[in-house]
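Everything on this sheet refers to the single structure shown next.
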Amino acid sequence: MRCFVFAVELGDRIKFRRYQSGLTQNQMAESLFVSPQAVSKWERGENSPDITLLPGIAKLLGVTVDWLLSGNRLEQFIKESYFFSNFTDNEIYLLLPYFEKMEFKPGDYLFKEGAPDKAGLYIVEQGFVKIIKGKDVVREVRAGGIFCDYSTLDCKLCNATAKVEENSLIQCAHAEKIIAFVQTYPHVGVKFLTNTILSLVERLRCIS
């Protein structure tokens with residue numbers, strides 16, 4: 001049963017991105033040197049593509065292998081987050097490919113206060129991150145938590161520091177990815193930017 005559910009979820013993501021990319025099943029099959037019937041079975045959840053094909057599928061569809069395999073977990077975090085509470089399921093699906101899962105060790109920095117880093121939007125999938133302003137810890141973010149920095153909006157110097165406190169898996173949508181998302185889907189981008197501004201204002205009130 002578990003394998004069937006995985007195949008269906010993987011097939012849904014392949015189908016969704018194929019439609020977004022404007023590809024037919026035949027075109028996708030030709031690019032991957034498989035039959036159109038194979039692509040059709042993937043999308044219906046009847047079969048899963050061979051693991052050796054995943055890098056090629058991801059490249060063709062403009063996503064990461066990680067998103068193909070585990071986008072559903074990120075989707076769950078986003079759906080459960082207050083930040084995205086006004087997003088429809090389809091709008092969330094549009095956003096998923098813009099995230100990239102990254103591993104961090106204790107002592108790593110996602111961005112530093114005063115540095116010209118291009119921050120972004122971060123979702124902690126596993127681990128623990130401290131947000132530091134000056135010498136003060138203003139927020140502790142654990143699994144399921146979402147955070148960003150002012151520089152996500154204005155691309156200037158970072159307003160705070162994000163320091164990893166334990167081995168962590170973090171979904172990152174960097175500033176350039178966010179800009180691309182807003183430009184590609186402006187109707188959803190308005191919601192995203194509004195939510196980001198409201199979130200930053202709320203954090204500012206907490207530390208004022």
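Run down Ile92, Ile57, Ile132 and say which single residue is in contact with a Lys or Arg (Cβ under 8 Å, 6 or more places away or on another chain), in a helix (DSSP H, G or I) and either assigned by TED's automatic domain parsing to the domain that holds Gly22 or touching a residue at least 12 places away in the same chain (Cβ under 8 Å) (or both). Outline the logic, then answer.
Details: Ile57 fails: in contact with a Lys or Arg (Cβ under 8 Å, 6 or more places away or on another chain); Ile132 fails: in a helix (DSSP H, G or I).
Of Ile92, Ile57, Ile132, the one residue that is in contact with a Lys or Arg (Cβ under 8 Å, 6 or more places away or on another chain), in a helix (DSSP H, G or I) and either assigned by TED's automatic domain parsing to the domain that holds Gly22 or touching a residue at least 12 places away in the same chain (Cβ under 8 Å) (or both) is Ile92.
Yes/no matrix, rows are residues, columns are (1) exposed (fewer than 13 other Cβ atoms within 10 Å of the Cβ); (2) touching an Asp or Glu at 6+ places or on another chain (Cβ under 6 Å); (3) modelled with pLDDT under 90:
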residue: Lys118; (1), (2), (3): no, no, yes
residue: Val129; (1), (2), (3): no, no, no
residue: Lys133; (1), (2), (3): no, no, no
residue: Ala162; (1), (2), (3): no, no, no
residue: Glu165; (1), (2), (3): no, no, no
residue: Ser168; (1), (2), (3): no, no, no
residue: His174; (1), (2), (3): no, no, yes
residue: Val201; (1), (2), (3): yes, no, yes
Tally of residues being in contact with a Pro (Cβ under 8 Å, 6 or more places away or on another chain) and surrounded by fewer than 17 Cβ atoms within 10 Å (Cβ to Cβ) across the range 8-19
0
Could you list, in sequence order, the residues of the range 95-107 that are aliphatic (A, V, I, L, M) and over 10 Å from the mean Cα position of the chain (by Cα)?
Met102
Leading residue by the ranking (surrounded by the most Cβ atoms within 10 Å (Cβ to Cβ)) among those in the range 20-46 that are within 17 Å of Leu94 (Cβ to Cβ) and polar (S, T, N, Q)
Gln20
Which residue, of Phe128, Phe192, is among the hydrophobic types (A, V, I, L, M, F, W, C), closer than 13 Å to Leu95 by Cβ and out of contact with any His (no Cβ under 7 Å at 6 or more places or on another chain)?
Phe192
Residues of the range 47-99 being at pLDDT 85 or above and loosely packed, with under 14 Cβ neighbours inside 10 Å, which ones?
Asp50, Ile51, Thr52, Pro55, Lys59, Ser85, Asn86, Thr88
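The values are calculated or read from the model by the stated rules, or taken from the named source; none is laboratory data. Just so you know, these numbers come straight off a predicted model, no measurement behind them. Using ideal geometry, Cβ is built from the backbone for each residue, glycine included, and neighbour counts are taken over all protein chains shown.
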